[in-house]
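Peer 1: Got a structure for you, questions after.
The values are calculated or read from the model by the stated rules, or taken from the named source; none is laboratory data. In this text, all values refer to a predicted model and were calculated from it rather than measured experimentally. Positions of Cβ are backbone-derived with ideal geometry, glycine not excepted, and every protein chain shown enters the neighbour counts. In case anyone asks, the SASA skips ligands and DNA or RNA and just uses the protein heavy atoms, side chains included. Shrake-Rupley method; radii C 1.70, N 1.55, O 1.52, S 1.80 Å.
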Amino acid sequence: IETYTARLAQACAELAPLRDEQAELAELADVVAGGGANTRKMSLRSYVLAARLEEVAEAASERLLRMSGGRYEFVHTDAAGTHGRRGGLGLDIHDEYTGVVRSTKTLSGGESFQASLALALGLADVVAAEAGGLVLDTMFIDEGFGTLDADALDAVMGVLDELREGGRVVGVVSHVDEMRQRIPSRLHVIRGRAGSAVQIAG
C-alpha cells in the first residue's frame with residue numbers, strides 16, 4: 001500500500017503543472033468568450049467587430065452631421081447590455097444641441113432614416129477603403145423618404161447628389177412626389193390588370 005501511495009503522490013506531483021496550465025487556459029478561454037474576469041462581457045469576436053464598427057461609426061458620423069445640420073453624430077459604446085447581454089456592438093447618438101449622448105431609439109422616424117442611411121454610406125466608405133480603394137459605385141435606397149420633412153429631405157438629397165457627382169450611381173425607390181422634382185432620370189412602375197409595366201421619364 002505504501003508503494004502505491006508513493007506512486008500516486010508522485011503522479012499527482014507530475015500532473016500539478018499540467019493542471020495549473022489547464023486552469024490558466026480555461027480561464028483565458030472564458031475571458032475570450034466574454035466571461036470570467038471580462039467585466040464588459042465582450043467576446044474576442046465582438047471585440048474585433050467593435051473595432052470595425054468604430055470605423056463605420058466615424059465615417060457615418062460625417063454623413064449624419066451633414067444630413068442633420070450639424071446636430072447628430074454616432075458614438076460607439078462597448079458597455080455591456082442589460083440583463084447580462086454582451087457588450088461591444090452598441091451605437092448611441094451625441095446630440096450637439098443638448099450635449100447629451102442618448103439612445104438611437106429616441107430618434108424620430110425621419111432622424112432614424114437619416115441615421116440608417118448614414119450608416120449604410122459609412123459602411124460603403126469603410127469597405128471601399130479596405131478593398132484597396134475599390135469603390136462601391138452603385139447603390140439602391142428603398143423608401144424611408146416619406147418620413148422626412150422638407151429640410152431633412154433637402155439635406156439627404158444633397159448628400160446623395162454629391163455621391164452621384166462623384167461618379168456613383170444612386171437608385172432611389174420611393175413613392176414621395178417631391179422626389180420626382182429632384183431626380184432627373186426616373187423609372188415609373190405602373191400597375192395594370194395584365195401585370196406591371198415600366199415607363200422611362202426624365
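Peer 1: What list of whole percents do you get for P(r) of segment 102-202, with Cα-Cα distances grouped in 10 Å bins up to the one holding the largest distance?
Peer 2: Spelled out per bin, shortest first, that is 13, 40, 31, 14, 2, 0.
Peer 1: Mind listing which chymotrypsin sites (Phe, Trp or Tyr not before Pro) in segment 89-196 are in a DSSP loop and have 12 or fewer other Cβ atoms within 10 Å? Numbers along the way, then the final one.
Peer 2: Details: sites: Y97, F113, F140, F145; in loops: Y97.
Those that pass, being in a loop and sparsely packed, are Y97.
Peer 1: Carbon and sulfur: what percent of segment 87-175's accessible surface (1.4 Å probe)?
Peer 2: Looking at segment 87-175 in its full context, I get 57 percent from C and S.
Peer 1: Per the helix-only calculation at 222 nm, which mean residue ellipticity applies to the chain, given -39500 (n - 2.57) for every DSSP H run of n ≥ 4 and division by its residues, nearest 500 deg cm²/dmol? Could you put the intermediate results ahead of the total?
Peer 2: On the way: 5 runs with 99 residues, N = 202.
Rounded to the nearest 500, the figure is -17000 deg cm²/dmol.
Peer 1: Of L121, L89, L187, which is the most mobile in a GNM of the chain whose springs link Cα atoms less than 10 angstrom apart?
Peer 2: L187
Peer 1: Right, something else. Which residue, D142, D78, D161, tops the fluctuation ranking in a GNM of the chain built on C-alpha contacts under 10 Å?
Peer 2: Highest fluctuation among the options: D142.
Peer 1: Given a 1.4 Å probe and the protein chains all in place, what does the accessible area of I183 round to, in Å² to the nearest 10?
Peer 2: Number for this one is 40 Å².
Peer 1: Moving on. Send over a whole-number figure in Å² for the accessible area per residue of the chain, probe 1.4 Å.
Peer 2: Spelled out: the 1.4 Å probe surface of the chain, per residue, equals 67 Å².
Peer 1: What longest range of the chain stays clear of loop-exposed trypsin sites (Lys or Arg not before Pro) (DSSP non-H/G/I/E/B, at most 12 other C-beta within 10 angstrom)?
Peer 2: Numbers: sites that count: R85, R191, R193.
In short, 86-190.
Peer 1: Which of the GluC sites (Glu not before Pro) found in segment 128-177 are loop residues per DSSP with 15 or fewer other Cβ atoms within 10 Å of their Cβ?
Peer 2: Here the GluC sites (Glu not before Pro) that fit, given the DSSP loop and packing criteria, are E143.
Peer 1: Choose one answer from A155, A50, A23: the residue with the largest mean-square fluctuation in a GNM of the chain with alpha-carbon springs under 10 Å.
Peer 2: Between A155, A50, A23, it is A23 that shows the largest mean-square fluctuation.
Peer 1: Amide H of I141 versus every other amide H placed in the peptide plane: which residues, excluding those fewer than 5 positions away on the same chain, fall under 5 Å?
Peer 2: So I141 has HN proximity to G171, V172, V173.
Peer 1: May I ask you to list, by number, the DSSP H helices of the chain whose Cα span along the axis is at least 20 Å and whose average Kyte-Doolittle hydropathy reaches 0.5 or more?
Peer 2: For the chain, where a helix must reach 20 Å along its axis and average at least 0.5, the hits are 109-130.
Peer 1: For segment 191-196, take each phi angle, set θ = phi - 60°, evaluate the Karplus expression 6.51 cos²θ - 1.76 cosθ + 1.60, and give the result in whole Hz per residue in order, putting x for glycine and proline.
Peer 2: 7, x, 4, 8, x, 8
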